[in-house]
Amino acid sequence: MSPADMVLTRRGLRFTGRFIPFSQGFGGIRKDKREGDGATPAGVHRIVGMLYRPDRVTRPAPWADPIRVGDLWSDESGDAAYNQLVRAPYPQSHERLRRGDALYDIILITNWNYPVAEAGKGSAIFLHQWRRPGYPTAGCIAFSRADLRWIARRVEPGTRVIVPETLAT
């Protein structure tokens with residue numbers, strides 16, 4: 001492991017020598033992640049993108065891309081665009097990236113089942129802001145707003161996100 005890796009531990013996410021509190025999926029951590037199970041997938045993932053709401057936050061890193069009006073993320077398992085950024089109008093099942101709340105003001109995109117997605121294996125596994133401490137996600141890893149901004153300023157494309165199988169439920 002490199003000091004630049006993000007590693008989930010029982011103490012918090014270890015990144016650059018700090019332990020940062022996080023929330024995980026309501027389905028726990030699983031080796032056999034499936035669409036809709038609410039689980040955070042165990043394994044070694046990489047950060048492959050960063051999105052942000054330019055109407056709410058400043059660009060967190062030079063490589064971050066703005067979330068535009070009409071940006072969505074497909075979670076339609078059988079669709080050719082499954083687990084991809086898509087644009088409205090999009091009739092298949094999707095998540096809105098420009099949410100009314102602040103959860104997606106900054107999104108770190110992982111390579112879980114991306115960019116080539118296997119149907120049913122899960123979609124939209126992001127690092128984003130939590131609702132409140134300990135409140136579970138739908139499978140993502142979430143942080144306080146301040147901690148997420150701190151992470152976003154320091155993370156680089158390709159940073160590994162290690163979710164140890166020993167944490168799996």
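The values are calculated or read from the model by the stated rules, or taken from the named source; none is laboratory data. The structure displayed is predicted, hence computed values, not measured ones. Here the Cβ positions follow ideal geometry from the backbone for every residue, glycine too, while neighbour counts run over all protein chains shown. Remember, those area values only see protein heavy atoms, side chains included, never the ligands or the DNA or RNA. Shrake-Rupley method; radii C 1.70, N 1.55, O 1.52, S 1.80 Å.
Quick check: at a probe of 1.4 Å, how many percent of the accessible area of the chain sits on carbon and sulfur atoms? Reported share for carbon and sulfur atoms: 51 percent. Dividing the radius of gyration of the alpha carbons in the chain by their Kirkwood radius gives 0.93 for Rg/Rh. Entry note: the stretch 127-169 has Rg to Rh equal to 0.99, where both radii use alpha-carbon atoms and Rh is the Kirkwood radius. Subtracting the Cα-Cα distance of THR16 and ASP101 from their residue separation scaled by 0.36 nm leaves 27.7 nm. Summarising the amide proton neighbourhood of MET50: residues at separation of 5 or more, or on other chains, whose placed amide H is nearer than 5 Å comprise ASP65, ILE109.
Calculated translational diffusion coefficient of the stretch 1-82 (20 °C, 1.002 mPa s; Stokes-Einstein with Kirkwood radius over alpha-carbon pairs) equals 137 µm²/s. Dividing the summed -39500 (n - 2.57) terms of all DSSP H runs of n ≥ 4 by the residue count of the chain sets its mean residue ellipticity at 222 nm at -1500 deg cm²/dmol. Shown is the FRET efficiency for LYS31 and ASN111, computed with R0 = 22 Å from the Cβ-Cβ distance and rounded to the nearest 0.05: 0.85.
Taking chymotrypsin sites (Phe, Trp or Tyr not before Pro) across the stretch 1-103, the ones in a DSSP loop with at most 12 further Cβ atoms lying within 10 angstrom of their Cβ are TRP63.
Toward the positive end of the charge dipole of the stretch 67-169, with +1 on the Cβ of Lys and Arg and -1 on the Cβ of Asp and Glu, the farthest Cα among TRP112, VAL161, ALA102 is that of ALA102.
For the stretch 1-60, the solvent-accessible area of protein heavy atoms averages 50 Å² per residue (probe radius 1.4 Å; ligands and nucleic acids excluded).
Solvent exposure of the stretch 119-161, expressed per residue, is 41 Å² of accessible area, with all protein chains present and a 1.4 angstrom probe.
For the chain, the share of DSSP beta bridges that are antiparallel, to the nearest 5, is 70%. Rg ratio for the stretch 40-96: its Cα radius of gyration over 2.2 N^0.38 Å, N being its residue count, equals 1.30.
You can think of it this way: the chain between ARG160 and ALA119 has 12.4 nm of extra reach, that is 0.36 nm per residue less the Cα-Cα gap. 3J(HN,Hα) couplings calculated from phi for the stretch 32-42 with the Karplus curve 6.51 cos²θ - 1.76 cosθ + 1.60 (θ = phi - 60°) are, in sequence order, 10, 3, 9, 4, x, 7, x, 8, 8, x, 6 Hz; Gly and Pro show x.
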